[in-house]
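Written below as structure tokens is the structure these notes are about.
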Amino acid sequence: MKAVGLVVLAAFLVAFPSLASDPFVLSVGVVIASYAVLATGWNFVGGFTGYISLGHAAYSGLGGYATGLLILRAGLNPWVALVVGALVVAVLAVPVGIAALRVRGASFVIVSIAVVLVLLLVFQSWGSVTGGSDGLRVPRPFDADVLRPEQHQRFFHLHAVLLGVMLLCWWVIDRSRFGMGLKAIREDEDKARSLGVPTVRYKLAAFVVSAFFTALGGGLYALWFGFLDPIFQFSILVGSNMVLMSLLGGVRSLFGPLVGAVVVGYATEFSKAQYGDTQLHLVAMGVLLAVVVLFLPDGIIPALRGLVARLRPGQASIREVTQEELVRR
Amino acid sequence: MTGLRVEGLTKSYGGVRAVDDATVTFQHGRINALIGPNGSGKTTFFNCVTGMVKPDAGTVTYHGRDITGRPAHKIAHAGIGRSFQLCRVFPRLTAVENLLAAVRPGSVLRALAPARRKSDVDRAMALLTRVGIEHLAEVEARDLSYGQQKLLELAGVLMAEPDTILLDEPAGGVNPALVERIGELVRSLNAEGRTFLIVEHNMDVVMSLSDHVVVFDRGRPIASGPPDAVRADPLVLAAYLGG
Ligand SMILES: Nc1ncnc2c1ncn2[C@@H]1O[C@H](COP(=O)(O)OP(=O)(O)O)[C@@H](O)[C@H]1O
Ligand SMILES: [Mg+2]
């Protein structure tokens, strides 16, 4: 099941740019791929530990700025800047994680928002380094003779490769002892502690891995888009999008955030193209979130899996209880 | 000294002294019962010993090692396991996964090894068999009955290989047949050398199971001794009758 999905996905990712009819469709493809990378990055902490960060734009934004600034101010090669930038963000995530992961539930959500708001202020006001509210122009990594459609094509494939690496990491963690510990934290943190799970260390490790990948996603997007505006980089909306996409697809599923990103990304870009850049898509997203919470609390993928299981012949509609089990109950 | 020694343990919540200067020793190898009226601090005592909350004062020593205020997972690694008053399991993990979560990962590299390693799964299945729910290994814990969840919780505690086990009201809310079964499990685990501290209100269970009874009242032990002696102690009767 997973293997088939992977093959289909890989084939699609390789073929999409040549199937896309025009540069606009291609650019939407890149945007959706970027959403998928960011949501999957978010899910390393959200899906495994259940700590819902609404401020994950902090790490994509920092990744974007770190990449841009390392190219502009340190003269690094763009690809080196991308990786070094993400590593810097991962290091910064250590103290942030230590502070933020001390609190749970709604408090953690609020701390995560506070982080992104502080960064917004810093990057807006520290103009001499960050370009301030005027934004920062990030040089393109490819030569000028590489034309637009070709650029989109390359960036689509770069995003696809990054996504592949992230999915592989998520999969490895998902089936590991580390992953089992993280899931135990998600289910009942105090219970996990009492069984010997080093919860503080585990949460922090997941958080740093998440920040690293999210920063890579932010940096790659910066290289593609070529311009960073702090208002959009450090926006609660971007973080909420990662949460919505992951919840929609299913935070416990490997491909959940990806599926959510495709649905939300397609809907958003379609409505933008159709009705202009109104705030309408925000309303649509709100409605979508309500639908998910009310009708698909586990997300699309588990819902589909449940449907398939029910349609399969020979399955009893309710769990059969043996005589022995009844006695034991 | 082997065993668990608690000295001057104190923990307040606001104005309430939940545990108040408690001093008590639990010899290794016994089944100890902790009894006392509701609100006398038994659960808070467990929480302090297992590192779930930090005590305000006092020391906890285990096999001669000071473990006061250490992180809960370190205390678990030191060999103290516990169950919770209102049975706690990981609801969306299957029964066998509930046990695998208690496997100590070892090094960083080993932490990335598959959780379903054969030897770990075998050990988990053996424990599920021991408590009698091996047929439910791949059922999510939230789909188990309360009694089955209690058995699962006990198996999970055992998976972490503790040599001292704290049970908070193991007979609470389960049917008499299951109470019997849990009692047998405790006895056989004790025969293998495990020490128990059991908070329990069911006096039949306390009397039939324990070698040693400690009576809590208002945050501290007021009496201790063999079950029969404690039952006849006037202090105990007064505490229970609200004197
Ligand atoms: N987390 C807490 N916050 C505030 N008060 C608490 C807390 N835990 C316990 N208490 C108080 O401490 C006292 C002892 O409670 P507890 O340890 O649960 O007693 P027992 O387990 O013997 O019934 C009670 O008065 C209880 O209300
Ligand atoms: Mg209690």
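Numbers at a glance
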| read-out | value |
| --- | --- |
| Interchain or long-range residues, amide H under 5 Å from B:Ala223's placed H | B:Val215 |
| Neighbour-count order for A:Thr268, A:Thr67, fewest beta carbons within 10 angstrom listed first | A:Thr268, A:Thr67 |
| Dipole magnitude of region B:43-170 about its Cα centre (Cβ charges: Lys, Arg +1; Asp, Glu -1), debye to nearest 20 | 400 |
| Virtual paramagnetic centre 7 Å along Cα→Cβ of B:Val139, amide N under 16 Å, in region B:92-124 | B:92-99 |
| Radius 11 Å from Cβ of B:Gln27, net charge of other residues (Lys, Arg +1; Asp, Glu -1) | +1 |
| A:Val4-A:Arg154 FRET efficiency (beta carbon distance; Förster radius 41 Å; 0.05 resolution) | 0.90 |
| B:Lys74 versus A:Val94: modelled label distance in nm, points set 7 Å from Cα along the beta carbon direction | 2.0 |
| Between 0 and 90°, nearest 10: helix A:2-19 axis offset from chain A longest Cα axis | 30 |
| Gain upon complete extension [B:Ala191, B:Lys54; 0.36 nm per residue less C-alpha separation] | 46.1 nm |
| Top positive-direction residue, dipole computed over region B:4-241 with Cβ charges, set B:Val60, B:Tyr240, B:His135 | B:Val60 |
| Longest site-free stretch - chain B; sites: GluC sites (Glu not before Pro), DSSP loop, at most 13 other Cβ within 10 Å | B:1-137 |
| Packing-based exposure ordering (other Cβ within 10 Å, fewest first) of A:Leu6, A:Leu248, A:Leu294, A:Leu120 | A:Leu294, A:Leu6, A:Leu120, A:Leu248 |
| Space enclosed by the convex hull of the alpha-carbon atoms of chain A, per residue, Å³ | 163 |
| Binned Cα-Cα distances of region A:122-189, short to long, each 10 Å bin given as a whole percent | 17, 20, 21, 26, 15, 1 |
| Region B:211-243 and region A:221-261: distance between their alpha carbon centers, rounded to Å | 60 |
| Inter-probe distance in nm under a simple model that places probes 7 Å from Cα toward Cβ, at B:Glu161 and B:Ser12 | 4.2 |
| A:Leu304-A:Val161 FRET efficiency (beta carbon distance; Förster radius 35 Å; 0.05 resolution) | 0.85 |
| Rg/Rg_ref, region B:131-182, where Rg_ref = 2.2 N^0.38 Å and atoms are Cα | 1.14 |
| Estimated FRET transfer efficiency (A:Asp22, A:Arg140; beta-carbon r; R0 22 Å; 0.05) | 0.60 |
| Simple spin-label estimate for B:Arg218 and B:Thr23 in nanometres, 7 Å along Cα-Cβ | 1.8 |
| Placed amide H near B:Leu166: partners under 5 Å, 5+ positions off or other chain | B:Gly81, B:Arg82, B:Ser83, B:Leu197 |
| Residue among A:Asn241, A:Asn43, A:Asn77 with the largest mean-square fluctuation in a Gaussian network model of chain A, springs linking Cα atoms under 10 Å | A:Asn77 |
| Helix B:176-191 axis, angle to chain B major axis (alpha carbon atoms, nearest 10°) | 90 |
| C-alpha long axis of helix A:105-125 to longest principal axis of chain A, angle in ° | 0 |
| Counting all C-alpha pairs of region B:4-241, share separated by more than 28 Å (%) | 32 |
| Filter on A:Lys183/B:Lys11; A:Lys183/B:Lys54; A:Lys183/A:Lys272; B:Lys42/B:Lys74; B:Lys54/B:Lys118; A:Lys203/B:Lys74 - keep pairs with C-alpha separation over 28 Å | A:Lys183/B:Lys11; A:Lys183/A:Lys272; B:Lys54/B:Lys118 |
| Globularity index of the protein assembly as shown, i.e. its alpha-carbon radius of gyration over 2.2 N^0.38 Å | 1.14 |
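Here, each number is a calculation from the coordinates, and none is a lab measurement. A quick note: this is a predicted structure, and the numbers were derived from the prediction, not measured. Every residue, glycine as well, gets a Cβ built from its backbone with ideal geometry; the counts of neighbours run over all protein chains shown.
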